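*Asks:* The structure follows.
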Amino acid sequence: MSNNAGDAMEGAAAAAGSAAQKQREKIVLQYLKAKGYRNAEKALREDALLDGAESTLGDLAAAFPASEMEADASVPSWILLFGEAEQGNPDAHSQSYRELRRWIDSSLDVYKHELYAASYPIFVHSYLDLHLRGLHEKAAEFMEQYSSDHAVHHGKDIGVLATLTSKAHAEENALARLYRENKYGVRMTRVGFELLLSFLQDHHFTLLMRTVNQHLNIRTVDGSVPICSEAEADVGVTGHTQNQIDHFNSQDIALGQPPLDQFVRDETERTLQVEAGRPARDSTGGEAGALLEAFSKVKQEAAGNALAARDVVPMPAPRGPEVEHQIASLKALRKRVALGPAALPSICMYTLHNTDGTANCAAVSDDLSLLACGFSESYVKIWSLKREPLRGFQSNFYLGAVTSEGDAEAVREKATDDSRRLVGHAGPVFGVDISYDSRYLVSASEDKTARLWSLDTLTNVVCYKGHNYPIWDVSFAPQGFYFATASHDRTARLWSCDHIYALRIFAGHLSDVNCVRFHPNSKYV
(Lines give C-alpha, C1' and ligand atoms only; values in the text may rest on other atoms or scores of the structure.)
Protein backbone atom coordinates (compact mmCIF):
# COMPACT_ATOMS: atom_id res chain seq x y z
CA MET A 1 0.00 0.00 0.00
CA SER A 2 2.83 2.43 0.83
CA ASN A 3 4.51 1.86 -2.53
CA ASN A 4 1.27 2.50 -4.39
CA ALA A 5 0.63 5.69 -2.38
CA GLY A 6 4.14 6.97 -3.07
CA ASP A 7 3.75 6.32 -6.78
CA ALA A 8 0.43 8.15 -6.79
CA MET A 9 1.92 11.21 -5.05
CA GLU A 10 4.84 11.31 -7.49
CA GLY A 11 2.42 11.09 -10.40
CA ALA A 12 0.29 13.95 -9.02
CA ALA A 13 3.37 16.16 -8.52
CA ALA A 14 4.55 15.45 -12.06
CA ALA A 15 1.09 16.27 -13.43
CA ALA A 16 1.00 19.56 -11.48
CA GLY A 17 4.48 20.51 -12.74
CA SER A 18 3.48 19.75 -16.31
CA ALA A 19 0.32 21.87 -15.95
CA ALA A 20 2.31 24.80 -14.58
CA GLN A 21 4.79 24.52 -17.46
CA LYS A 22 1.90 24.52 -19.94
CA GLN A 23 0.47 27.64 -18.32
CA ARG A 24 3.83 29.44 -18.57
CA GLU A 25 4.14 28.51 -22.22
CA LYS A 26 0.61 29.77 -22.91
CA ILE A 27 1.39 33.09 -21.17
CA VAL A 28 4.51 33.55 -23.30
CA LEU A 29 2.52 32.58 -26.39
CA GLN A 30 -0.15 35.17 -25.60
CA TYR A 31 2.50 37.82 -25.07
CA LEU A 32 4.19 37.05 -28.42
CA LYS A 33 0.84 37.21 -30.18
CA ALA A 34 -0.04 40.56 -28.53
CA LYS A 35 3.30 42.03 -29.63
CA GLY A 36 2.95 40.77 -33.22
CA TYR A 37 5.89 38.33 -33.14
CA ARG A 38 4.13 35.82 -35.42
CA ASN A 39 7.12 33.67 -36.37
CA ALA A 40 8.16 33.25 -32.74
CA GLU A 41 4.54 32.50 -31.81
CA LYS A 42 4.28 29.82 -34.50
CA ALA A 43 7.57 28.21 -33.49
CA LEU A 44 6.62 28.09 -29.81
CA ARG A 45 3.18 26.66 -30.61
CA GLU A 46 4.70 23.85 -32.68
CA ASP A 47 7.52 23.04 -30.23
CA ALA A 48 5.30 23.08 -27.15
CA LEU A 49 2.37 21.36 -28.91
CA LEU A 50 -0.03 24.04 -27.56
CA ASP A 51 -3.62 24.14 -28.69
CA GLY A 52 -5.13 27.25 -30.22
CA ALA A 53 -7.47 28.12 -27.37
CA GLU A 54 -7.61 31.86 -26.68
CA SER A 55 -7.13 33.08 -23.10
CA THR A 56 -6.35 36.41 -21.46
CA LEU A 57 -3.19 36.91 -19.43
CA GLY A 58 -5.33 37.25 -16.32
CA ASP A 59 -7.05 33.90 -16.97
CA LEU A 60 -3.74 32.18 -17.63
CA ALA A 61 -2.05 33.58 -14.53
CA ALA A 62 -5.10 32.71 -12.41
CA ALA A 63 -4.76 29.09 -13.55
CA PHE A 64 -1.33 28.75 -11.88
CA PRO A 65 -1.23 26.19 -9.03
CA ALA A 66 -1.21 27.79 -5.57
CA SER A 67 2.14 26.19 -4.84
CA GLU A 68 3.67 27.87 -7.88
CA MET A 69 2.25 31.28 -6.93
CA GLU A 70 3.78 31.02 -3.47
CA ALA A 71 7.10 29.77 -4.79
CA ASP A 72 7.62 32.66 -7.19
CA ALA A 73 4.74 35.10 -7.01
CA SER A 74 6.68 37.80 -8.84
CA VAL A 75 6.54 36.08 -12.24
CA PRO A 76 2.75 35.94 -12.78
CA SER A 77 2.16 39.23 -10.96
CA TRP A 78 4.69 41.03 -13.17
CA ILE A 79 3.12 39.57 -16.29
CA LEU A 80 -0.34 40.52 -15.08
CA LEU A 81 0.74 44.10 -14.44
CA PHE A 82 2.51 44.24 -17.80
CA GLY A 83 -0.60 43.06 -19.61
CA GLU A 84 -2.86 45.45 -17.70
CA ALA A 85 -0.59 48.44 -18.26
CA GLU A 86 -0.02 47.66 -21.92
CA GLN A 87 -3.54 46.73 -22.90
CA GLY A 88 -6.17 47.57 -20.31
CA ASN A 89 -5.06 50.69 -18.39
CA PRO A 90 -4.71 53.90 -20.42
CA ASP A 91 -3.62 55.81 -17.29
CA ALA A 92 -0.72 53.48 -16.47
CA HIS A 93 1.94 55.78 -17.93
CA SER A 94 0.65 58.82 -16.07
CA GLN A 95 0.23 56.99 -12.77
CA SER A 96 3.66 55.38 -12.79
CA TYR A 97 5.44 58.54 -13.95
CA ARG A 98 3.64 60.59 -11.26
CA GLU A 99 4.83 58.19 -8.58
CA LEU A 100 8.36 58.32 -9.98
CA ARG A 101 8.39 62.14 -9.77
CA ARG A 102 7.07 62.06 -6.21
CA TRP A 103 9.79 59.63 -5.24
CA ILE A 104 12.50 61.78 -6.84
CA ASP A 105 11.16 64.90 -5.09
CA SER A 106 11.52 63.17 -1.73
CA SER A 107 14.94 61.63 -2.47
CA LEU A 108 18.23 62.78 -0.96
CA ASP A 109 19.48 66.02 -2.48
CA VAL A 110 22.80 64.46 -3.51
CA TYR A 111 21.02 62.12 -5.98
CA LYS A 112 18.27 64.40 -7.25
CA HIS A 113 20.14 65.88 -10.22
CA GLU A 114 20.91 62.51 -11.82
CA LEU A 115 17.43 61.13 -11.06
CA TYR A 116 15.78 64.17 -12.66
CA ALA A 117 18.02 63.72 -15.70
CA ALA A 118 16.94 60.08 -15.98
CA SER A 119 13.27 61.04 -15.67
CA TYR A 120 13.38 63.15 -18.86
CA PRO A 121 13.81 60.29 -21.41
CA ILE A 122 11.27 58.28 -19.41
CA PHE A 123 8.85 61.20 -19.81
CA VAL A 124 9.51 61.43 -23.57
CA HIS A 125 9.04 57.72 -24.27
CA SER A 126 5.94 57.49 -22.08
CA TYR A 127 4.45 60.32 -24.14
CA LEU A 128 5.42 58.74 -27.46
CA ASP A 129 4.12 55.31 -26.37
CA LEU A 130 0.71 56.80 -25.65
CA HIS A 131 0.54 58.21 -29.21
CA LEU A 132 1.72 54.94 -30.73
CA ARG A 133 -1.03 53.10 -28.82
CA GLY A 134 -3.61 55.52 -30.22
CA LEU A 135 -4.29 57.21 -26.87
CA HIS A 136 -3.89 60.73 -28.23
CA GLU A 137 -6.04 62.51 -25.64
CA LYS A 138 -4.14 60.79 -22.83
CA ALA A 139 -0.88 61.80 -24.50
CA ALA A 140 -1.97 65.44 -24.66
CA GLU A 141 -3.00 65.35 -20.97
CA PHE A 142 0.31 63.73 -20.07
CA MET A 143 2.28 66.42 -21.93
CA GLU A 144 0.27 69.27 -20.40
CA GLN A 145 0.59 67.89 -16.87
CA TYR A 146 4.30 67.05 -16.76
CA SER A 147 6.08 69.06 -19.50
CA SER A 148 6.83 71.91 -17.08
CA ASP A 149 9.14 69.53 -15.17
CA HIS A 150 11.61 69.66 -18.05
CA ALA A 151 10.85 72.99 -19.75
CA VAL A 152 14.03 74.70 -18.54
CA HIS A 153 16.55 72.17 -19.85
CA HIS A 154 14.58 70.73 -22.79
CA GLY A 155 12.03 73.40 -23.68
CA LYS A 156 12.82 73.40 -27.40
CA ASP A 157 12.37 69.63 -27.81
CA ILE A 158 9.24 69.59 -25.69
CA GLY A 159 7.79 72.36 -27.88
CA VAL A 160 8.29 70.15 -30.95
CA LEU A 161 6.97 66.97 -29.33
CA ALA A 162 3.89 68.78 -28.04
CA THR A 163 2.77 69.34 -31.65
CA LEU A 164 2.28 65.60 -32.23
CA THR A 165 -1.38 64.69 -32.51
CA SER A 166 -1.50 61.24 -34.12
CA LYS A 167 0.27 57.90 -34.42
CA ALA A 168 1.50 58.86 -37.88
CA HIS A 169 3.08 62.03 -36.48
CA ALA A 170 4.86 60.03 -33.76
CA GLU A 171 6.19 57.61 -36.36
CA GLU A 172 7.28 60.20 -38.95
CA ASN A 173 8.42 63.19 -36.88
CA ALA A 174 12.22 63.52 -37.12
CA LEU A 175 12.72 64.33 -33.44
CA ALA A 176 10.44 61.50 -32.28
CA ARG A 177 12.32 59.05 -34.51
CA LEU A 178 15.64 60.32 -33.14
CA TYR A 179 14.51 59.52 -29.61
CA ARG A 180 13.05 56.13 -30.50
CA GLU A 181 15.95 54.94 -32.67
CA ASN A 182 18.77 55.98 -30.31
CA LYS A 183 19.47 55.32 -26.67
CA TYR A 184 19.49 58.36 -24.42
CA GLY A 185 22.67 58.70 -22.37
CA VAL A 186 22.44 59.53 -18.66
CA ARG A 187 25.40 59.78 -16.29
CA MET A 188 24.59 58.36 -12.84
CA THR A 189 26.45 57.27 -9.73
CA ARG A 190 26.21 53.57 -8.94
CA VAL A 191 24.15 54.27 -5.82
CA GLY A 192 21.75 56.53 -7.72
CA PHE A 193 21.29 53.90 -10.45
CA GLU A 194 20.64 51.15 -7.90
CA LEU A 195 18.12 53.35 -6.09
CA LEU A 196 16.23 53.93 -9.36
CA LEU A 197 16.13 50.24 -10.25
CA SER A 198 15.08 49.26 -6.73
CA PHE A 199 12.21 51.76 -6.82
CA LEU A 200 10.93 50.50 -10.20
CA GLN A 201 11.20 46.85 -9.15
CA ASP A 202 9.64 47.33 -5.72
CA HIS A 203 6.61 49.09 -7.26
CA HIS A 204 6.38 46.72 -10.25
CA PHE A 205 6.50 49.64 -12.72
CA THR A 206 7.10 47.38 -15.72
CA LEU A 207 6.41 50.09 -18.28
CA LEU A 208 9.07 52.36 -16.84
CA MET A 209 11.48 49.44 -16.40
CA ARG A 210 11.04 48.56 -20.07
CA THR A 211 11.77 52.17 -21.06
CA VAL A 212 14.96 52.21 -18.96
CA ASN A 213 16.05 48.91 -20.49
CA GLN A 214 15.27 49.73 -24.12
CA HIS A 215 15.87 53.46 -24.44
CA LEU A 216 18.37 54.56 -21.80
CA ASN A 217 22.13 54.19 -21.83
CA ILE A 218 23.14 54.54 -18.17
CA ARG A 219 26.79 55.41 -17.65
CA THR A 220 27.79 54.83 -14.04
CA VAL A 221 30.52 57.03 -12.58
CA ASP A 222 32.54 57.16 -9.38
CA GLY A 223 30.15 58.08 -6.58
CA SER A 224 32.87 59.77 -4.53
CA VAL A 225 32.35 62.90 -6.67
CA PRO A 226 28.63 63.82 -6.59
CA ILE A 227 26.84 64.96 -9.74
CA CYS A 228 26.15 68.62 -9.03
CA SER A 229 23.68 69.57 -11.78
CA GLU A 230 21.14 68.07 -14.13
CA ALA A 231 23.19 69.33 -17.10
CA GLU A 232 26.18 67.31 -15.86
CA ALA A 233 24.10 64.12 -15.68
CA ASP A 234 22.29 64.70 -19.00
CA VAL A 235 24.42 63.13 -21.78
CA GLY A 236 21.57 62.75 -24.26
CA VAL A 237 21.58 61.43 -27.81
CA THR A 238 24.88 61.72 -29.66
CA GLY A 239 24.82 64.59 -32.16
CA HIS A 240 21.71 66.19 -30.70
CA THR A 241 21.82 69.24 -28.42
CA GLN A 242 20.27 68.11 -25.17
CA ASN A 243 20.62 70.81 -22.55
CA GLN A 244 18.71 73.76 -23.98
CA ILE A 245 18.92 76.09 -21.00
CA ASP A 246 20.57 78.74 -23.20
CA HIS A 247 17.50 78.67 -25.43
CA PHE A 248 15.31 79.02 -22.34
CA ASN A 249 17.38 82.00 -21.15
CA SER A 250 17.16 83.77 -24.53
CA GLN A 251 13.57 84.90 -24.03
CA ASP A 252 12.94 88.63 -23.80
CA ILE A 253 12.82 90.29 -20.40
CA ALA A 254 11.52 93.75 -19.45
CA LEU A 255 13.98 95.62 -17.23
CA GLY A 256 12.58 99.17 -17.47
CA GLN A 257 11.09 101.06 -14.55
CA PRO A 258 7.31 101.11 -14.00
CA PRO A 259 5.73 104.32 -15.30
CA LEU A 260 4.68 106.92 -12.77
CA ASP A 261 1.01 106.57 -11.88
CA GLN A 262 -1.17 109.25 -13.50
CA PHE A 263 -2.86 110.18 -10.21
CA VAL A 264 0.45 110.44 -8.31
CA ARG A 265 2.03 112.47 -11.09
CA ASP A 266 -0.85 114.95 -11.32
CA GLU A 267 -1.26 115.31 -7.54
CA THR A 268 2.48 115.75 -6.97
CA GLU A 269 2.66 118.40 -9.68
CA ARG A 270 -0.39 120.20 -8.32
CA THR A 271 0.93 120.17 -4.74
CA LEU A 272 4.31 121.53 -5.81
CA GLN A 273 2.70 124.24 -7.96
CA VAL A 274 0.59 125.37 -4.99
CA GLU A 275 3.71 125.44 -2.79
CA ALA A 276 5.70 127.31 -5.45
CA GLY A 277 2.97 129.97 -5.73
CA ARG A 278 3.33 131.08 -2.12
CA PRO A 279 4.83 134.55 -1.31
CA ALA A 280 8.61 134.84 -1.59
CA ARG A 281 8.99 135.40 2.18
CA ASP A 282 7.79 131.85 2.69
CA SER A 283 10.88 129.61 2.34
CA THR A 284 8.79 126.65 1.20
CA GLY A 285 7.90 128.47 -2.00
CA GLY A 286 11.48 128.55 -3.28
CA GLU A 287 12.08 124.93 -2.33
CA ALA A 288 8.87 123.84 -4.07
CA GLY A 289 9.99 125.60 -7.26
CA ALA A 290 13.26 123.68 -7.23
CA LEU A 291 11.38 120.44 -6.53
CA LEU A 292 9.03 121.15 -9.43
CA GLU A 293 12.01 121.52 -11.75
CA ALA A 294 13.51 118.27 -10.44
CA PHE A 295 10.16 116.54 -10.90
CA SER A 296 10.09 117.56 -14.58
CA LYS A 297 13.47 115.86 -15.10
CA VAL A 298 12.26 112.75 -13.29
CA LYS A 299 9.21 112.55 -15.58
CA GLN A 300 11.38 112.84 -18.69
CA GLU A 301 13.77 110.12 -17.54
CA ALA A 302 10.89 107.85 -16.54
CA ALA A 303 9.18 108.30 -19.91
CA GLY A 304 12.34 107.22 -21.74
CA ASN A 305 12.91 104.11 -19.63
CA ALA A 306 9.37 103.03 -18.73
CA LEU A 307 7.92 99.58 -19.19
CA ALA A 308 5.27 99.06 -21.86
CA ALA A 309 1.73 99.12 -20.50
CA ARG A 310 1.36 95.34 -21.01
CA ASP A 311 4.42 94.70 -18.82
CA VAL A 312 3.35 96.77 -15.83
CA VAL A 313 2.59 94.81 -12.67
CA PRO A 314 -0.98 95.57 -11.55
CA MET A 315 -1.13 97.69 -8.40
CA PRO A 316 -4.03 98.99 -6.28
CA ALA A 317 -5.26 102.54 -6.87
CA PRO A 318 -2.89 105.05 -5.18
CA ARG A 319 -3.98 107.32 -2.35
CA GLY A 320 -2.53 110.33 -0.50
CA PRO A 321 0.54 108.62 1.07
CA GLU A 322 1.99 107.86 -2.39
CA VAL A 323 2.06 111.60 -3.18
CA GLU A 324 3.79 112.38 0.12
CA HIS A 325 6.34 109.64 -0.56
CA GLN A 326 7.01 111.01 -4.07
CA ILE A 327 7.69 114.50 -2.69
CA ALA A 328 9.97 113.06 0.01
CA SER A 329 11.86 111.17 -2.71
CA LEU A 330 12.32 114.38 -4.69
CA LYS A 331 13.76 116.10 -1.62
CA ALA A 332 16.19 113.24 -1.11
CA LEU A 333 17.10 113.33 -4.82
CA ARG A 334 18.08 117.01 -4.61
CA LYS A 335 20.52 116.22 -1.81
CA ARG A 336 22.40 113.62 -3.81
CA VAL A 337 25.89 114.42 -5.05
CA ALA A 338 28.14 112.72 -7.55
CA LEU A 339 30.42 110.22 -5.85
CA GLY A 340 34.17 110.73 -6.11
CA PRO A 341 37.36 111.03 -4.03
CA ALA A 342 35.99 114.19 -2.42
CA ALA A 343 32.47 112.78 -1.89
CA LEU A 344 32.56 109.21 -0.62
CA PRO A 345 29.34 107.34 0.22
CA SER A 346 28.11 107.59 3.78
CA ILE A 347 27.42 104.45 5.78
CA CYS A 348 25.10 103.86 8.73
CA MET A 349 26.25 101.15 11.11
CA TYR A 350 24.28 99.81 14.07
CA THR A 351 25.27 97.30 16.73
CA LEU A 352 22.89 95.11 18.73
CA HIS A 353 24.24 94.38 22.19
CA ASN A 354 23.42 91.45 24.47
CA THR A 355 21.47 89.41 21.89
CA ASP A 356 23.26 86.18 22.93
CA GLY A 357 23.11 84.88 19.37
CA THR A 358 19.32 85.06 19.15
CA ALA A 359 19.08 87.81 16.48
CA ASN A 360 18.42 86.01 13.16
CA CYS A 361 17.68 88.84 10.73
CA ALA A 362 17.46 92.62 10.38
CA ALA A 363 15.96 95.25 8.07
CA VAL A 364 16.23 99.05 7.88
CA SER A 365 13.47 101.20 6.42
CA ASP A 366 14.18 103.17 3.22
CA ASP A 367 13.97 106.48 5.07
CA LEU A 368 16.39 105.22 7.78
CA SER A 369 13.82 105.88 10.49
CA LEU A 370 13.28 102.29 11.70
CA LEU A 371 15.34 99.18 12.39
CA ALA A 372 13.60 95.79 12.75
CA CYS A 373 15.10 92.48 13.90
CA GLY A 374 13.72 88.96 14.17
CA PHE A 375 14.70 86.83 17.16
CA SER A 376 14.80 83.15 18.07
CA GLU A 377 12.41 83.87 20.94
CA SER A 378 9.57 84.19 18.36
CA TYR A 379 9.22 87.99 18.42
CA VAL A 380 10.12 90.96 16.22
CA LYS A 381 11.66 94.04 17.79
CA ILE A 382 11.70 97.48 16.15
CA TRP A 383 13.71 100.56 17.09
CA SER A 384 13.22 104.20 16.11
CA LEU A 385 16.56 105.37 14.71
CA LYS A 386 15.41 108.95 15.27
CA ARG A 387 14.97 108.21 18.98
CA GLU A 388 11.29 109.06 18.72
CA PRO A 389 8.82 107.14 20.95
CA LEU A 390 6.97 104.28 19.26
CA ARG A 391 3.37 104.47 20.41
CA GLY A 392 0.48 102.28 19.43
CA PHE A 393 -3.19 102.85 20.27
CA GLN A 394 -4.87 102.27 23.58
CA SER A 395 -6.96 99.11 23.72
CA ASN A 396 -10.19 100.69 25.01
CA PHE A 397 -10.87 103.64 22.68
CA TYR A 398 -13.99 104.00 20.51
CA LEU A 399 -13.07 104.03 16.82
CA GLY A 400 -16.12 106.10 15.86
CA ALA A 401 -14.88 108.99 17.99
CA VAL A 402 -11.66 109.34 15.97
CA THR A 403 -12.40 111.87 13.22
CA SER A 404 -9.14 113.79 12.92
CA GLU A 405 -5.39 113.50 13.43
CA GLY A 406 -5.74 115.20 16.80
CA ASP A 407 -8.26 112.60 17.93
CA ALA A 408 -5.92 109.81 16.79
CA GLU A 409 -3.02 111.27 18.78
CA ALA A 410 -5.23 111.59 21.87
CA VAL A 411 -5.96 107.85 21.96
CA ARG A 412 -2.37 106.73 21.46
CA GLU A 413 -0.43 105.12 24.27
CA LYS A 414 1.58 107.35 26.57
CA ALA A 415 4.73 105.22 26.23
CA THR A 416 8.07 106.98 25.75
CA ASP A 417 10.21 104.01 24.68
CA ASP A 418 11.90 104.18 21.28
CA SER A 419 11.63 100.38 20.80
CA ARG A 420 8.76 97.89 20.78
CA ARG A 421 8.28 94.13 20.62
CA LEU A 422 5.81 92.61 18.15
CA VAL A 423 4.64 89.24 19.51
CA GLY A 424 2.60 86.74 17.51
CA HIS A 425 4.80 84.06 15.95
CA ALA A 426 5.08 80.59 17.49
CA GLY A 427 8.67 79.93 16.40
CA PRO A 428 11.96 81.71 15.64
CA VAL A 429 11.66 84.63 13.22
CA PHE A 430 14.06 84.22 10.29
CA GLY A 431 13.08 87.10 7.98
CA VAL A 432 11.74 90.66 8.25
CA ASP A 433 11.25 93.50 5.77
CA ILE A 434 9.75 96.99 5.91
CA SER A 435 7.60 98.49 3.15
CA TYR A 436 8.90 101.39 1.07
CA ASP A 437 6.66 103.90 2.93
CA SER A 438 7.58 102.56 6.41
CA ARG A 439 3.93 101.83 7.20
CA TYR A 440 4.07 98.01 7.24
CA LEU A 441 6.43 95.26 8.30
CA VAL A 442 6.29 91.63 7.15
CA SER A 443 7.94 88.79 9.07
CA ALA A 444 8.59 85.09 8.35
CA SER A 445 8.99 82.33 10.91
CA GLU A 446 9.74 78.69 11.61
CA ASP A 447 6.02 78.31 12.41
CA LYS A 448 5.38 78.21 8.60
CA THR A 449 3.55 81.56 8.57
CA ALA A 450 4.25 85.10 7.44
CA ARG A 451 2.69 88.00 9.35
CA LEU A 452 1.89 91.55 8.29
CA TRP A 453 2.25 94.22 10.99
CA SER A 454 1.00 97.81 10.94
CA LEU A 455 3.71 100.23 12.07
CA ASP A 456 1.02 102.86 12.72
CA THR A 457 -0.82 100.76 15.29
CA LEU A 458 2.05 98.34 16.14
CA THR A 459 -0.32 95.39 15.80
CA ASN A 460 -0.54 92.22 13.70
CA VAL A 461 -2.91 92.75 10.77
CA VAL A 462 -2.82 89.48 8.78
CA CYS A 463 -1.38 85.97 9.18
CA TYR A 464 -0.50 84.27 5.88
CA LYS A 465 -0.44 80.45 5.73
CA GLY A 466 0.55 78.18 2.85
CA HIS A 467 4.09 76.89 3.27
CA ASN A 468 4.52 73.36 4.60
CA TYR A 469 7.85 73.97 6.33
CA PRO A 470 9.73 76.87 7.98
CA ILE A 471 10.04 80.12 6.03
CA TRP A 472 13.63 81.36 5.77
CA ASP A 473 13.18 84.80 4.20
CA VAL A 474 10.64 87.42 3.18
CA SER A 475 10.88 90.53 1.01
CA PHE A 476 8.54 93.40 0.07
CA ALA A 477 8.25 94.51 -3.56
CA PRO A 478 9.82 97.95 -4.18
CA GLN A 479 6.36 99.46 -4.76
CA GLY A 480 4.84 97.63 -1.78
CA PHE A 481 1.56 95.66 -1.85
CA TYR A 482 3.30 92.43 -2.98
CA PHE A 483 5.81 90.39 -1.02
CA ALA A 484 7.62 87.08 -1.56
CA THR A 485 8.65 84.28 0.81
CA ALA A 486 11.34 81.57 0.61
CA SER A 487 10.94 78.27 2.42
CA HIS A 488 12.43 74.95 3.46
CA ASP A 489 9.73 73.28 1.30
CA ARG A 490 11.85 74.15 -1.80
CA THR A 491 9.42 76.80 -3.06
CA ALA A 492 9.17 80.55 -3.16
CA ARG A 493 5.71 82.13 -3.09
CA LEU A 494 4.27 85.44 -4.18
CA TRP A 495 1.66 87.12 -1.98
CA SER A 496 -0.34 90.34 -1.98
CA CYS A 497 -1.25 92.10 1.24
CA ASP A 498 -4.99 91.78 0.57
CA HIS A 499 -5.05 87.97 0.00
CA ILE A 500 -4.41 85.39 2.72
CA TYR A 501 -3.34 82.75 0.17
CA ALA A 502 -0.34 82.83 -2.19
CA LEU A 503 -0.92 84.25 -5.67
CA ARG A 504 1.85 82.15 -7.22
CA ILE A 505 4.01 79.20 -6.14
CA PHE A 506 7.48 79.10 -7.70
CA ALA A 507 8.54 75.43 -7.69
CA GLY A 508 11.59 73.83 -9.25
CA HIS A 509 14.45 74.13 -6.79
CA LEU A 510 15.86 70.85 -5.52
CA SER A 511 16.59 72.11 -2.00
CA ASP A 512 15.71 74.95 0.38
CA VAL A 513 15.13 78.44 -1.00
CA ASN A 514 17.19 80.48 1.44
CA CYS A 515 16.59 84.06 0.29
CA VAL A 516 14.36 86.03 -2.06
CA ARG A 517 14.43 89.54 -3.57
CA PHE A 518 12.48 91.54 -6.18
CA HIS A 519 13.78 93.28 -9.27
CA PRO A 520 13.43 97.09 -8.88
CA ASN A 521 10.45 97.13 -11.27
CA SER A 522 8.65 94.38 -9.27
CA LYS A 523 8.26 92.27 -12.42
CA TYR A 524 10.78 89.56 -11.49
CA VAL A 525 11.65 87.64 -8.33
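The values are calculated or read from the model by the stated rules, or taken from the named source; none is laboratory data. Quick caveat: nothing in here was measured; it's all calculated off a predicted structure. A quick note on method: Cβ atoms are made from the backbone with ideal geometry, for glycine too, and the neighbour counts reach across all protein chains shown. Ligands, DNA and RNA are stripped out before the accessible areas are found, and what is left, the full protein with its side chains, is counted by its heavy atoms. Shrake-Rupley method; radii C 1.70, N 1.55, O 1.52, S 1.80 Å.
*Asks:* Kindly state, to the nearest 0.05, the FRET efficiency for ASN249 paired with GLU99, given R0 = 25 Å and r defined as their beta-carbon distance.
*Replies:* E(calc), rounded to 0.05, equals 0.20.
*Asks:* For the pair GLU269 and LYS331, what calculated FRET efficiency results from E = 1/(1 + (r/R0)^6), where r is the Cβ-Cβ distance and R0 = 25 Å, to the nearest 0.05?
*Replies:* Result of the calculation: an efficiency of 0.95.
*Asks:* Sorting check: for 369-381, 162-174, 352-364, which peptide has the highest mean count of neighbouring beta carbons within 10 Å, and how do the rest follow?
*Replies:* Highest mean packing first, the order is 369-381, 162-174, 352-364.
*Asks:* Tell me, in nm to one decimal, what length is gained between HIS169 and PHE506 on full extension, where the rule is 0.36 nm per residue of separation less the Cα-Cα distance?
*Replies:* 117.9 nm
*Asks:* I've got another one for you. Cα gyration tensor of region 99-169, axes a ≥ b ≥ c as square roots of the eigenvalues: rounded (a/c below 1.5), prolate (a/b > b/c) or oblate?
*Replies:* Details: a/c = 2.67, a/b = 1.94, b/c = 1.38.
Prolate is the answer for region 99-169, as a/c is 1.5 or above and a/b outweighs b/c.
*Asks:* For region 391-473, what % of the accessible area comes from carbon and sulfur atoms, probe 1.4 Å? Don't skip to the answer; put the middle values down first.
*Replies:* Numbers: 2010 of 4200 Å².
Taking all protein chains in place, region 391-473 shows 48 percent carbon and sulfur surface.
*Asks:* Given a 1.4 angstrom probe, what's the average accessible area per residue across region 313-453, in square angstrom?
*Replies:* With the other protein chains kept in place, region 313-453 gives 61 Å² per residue.
*Asks:* Please give the contour-minus-distance gain from LYS414 to VAL402: 0.36 nm per residue of separation, less the Cα-Cα distance, rounded to one decimal in nm.
*Replies:* The LYS414-VAL402 span can extend by a further 2.6 nm.
*Asks:* Which residues in region 141-185 place their backbone N less than 20 Å from a point set 7 Å from the Cα of TYR524 along the Cα-to-Cβ direction?
*Replies:* Hits in region 141-185 for TYR524 at 20 Å: 151-156.
*Asks:* Another one. If I model a spin label as a point 7 Å beyond the Cα along the Cα-Cβ vector, how far apart are those points for GLU232 and LYS33 in nm?
*Replies:* 5.3
*Asks:* Continuing with the same structure: Name the shape class, rounded, prolate or oblate, that the alpha-carbon gyration tensor gives for region 342-422, where a ≥ b ≥ c are the square roots of its eigenvalues, rounded holds for a/c under 1.5, and otherwise prolate holds if a/b is larger than b/c and oblate otherwise.
*Replies:* oblate
*Asks:* Shifting gears a bit: Below 24 Å, Cα to Cα, which lysines can LYS414 reach? Residues fewer than 8 away in the same chain don't count.
*Replies:* Partners within reach: LYS381, LYS386.
*Asks:* Here's a follow-up. Of the peptides 484-497, 393-406, 224-237, 448-461, how do they stack up when ordered by the mean number of other Cβ atoms within 10 Å, highest first?
*Replies:* Descending packing order for the listed peptides: 484-497, 448-461, 224-237, 393-406.
*Asks:* Taking 30 Å as R0, compute the FRET efficiency from the Cβ-Cβ separation of LEU352 and ASP456 and round it to 0.05.
*Replies:* Rounded to the nearest 0.05, the efficiency is 0.75.
*Asks:* Also, I was wondering about something else. Could you compute the net charge surrounding SER378? Neighbours are other residues with a C-beta less than 9 Å from the C-beta of SER378; K and R count +1, D and E count -1. Show your work: numbers first, answer last.
*Replies:* Working: positive: none; negative: GLU377, GLU446, ASP447.
So the surrounding residues net to -3.
*Asks:* Between rounded, prolate and oblate, where does region 416-510 land on the alpha carbon gyration tensor, with a ≥ b ≥ c its root eigenvalues, rounded for a/c under 1.5, else prolate if a/b exceeds b/c?
*Replies:* Prolate, because a/c is 1.5 or more and a/b exceeds b/c.
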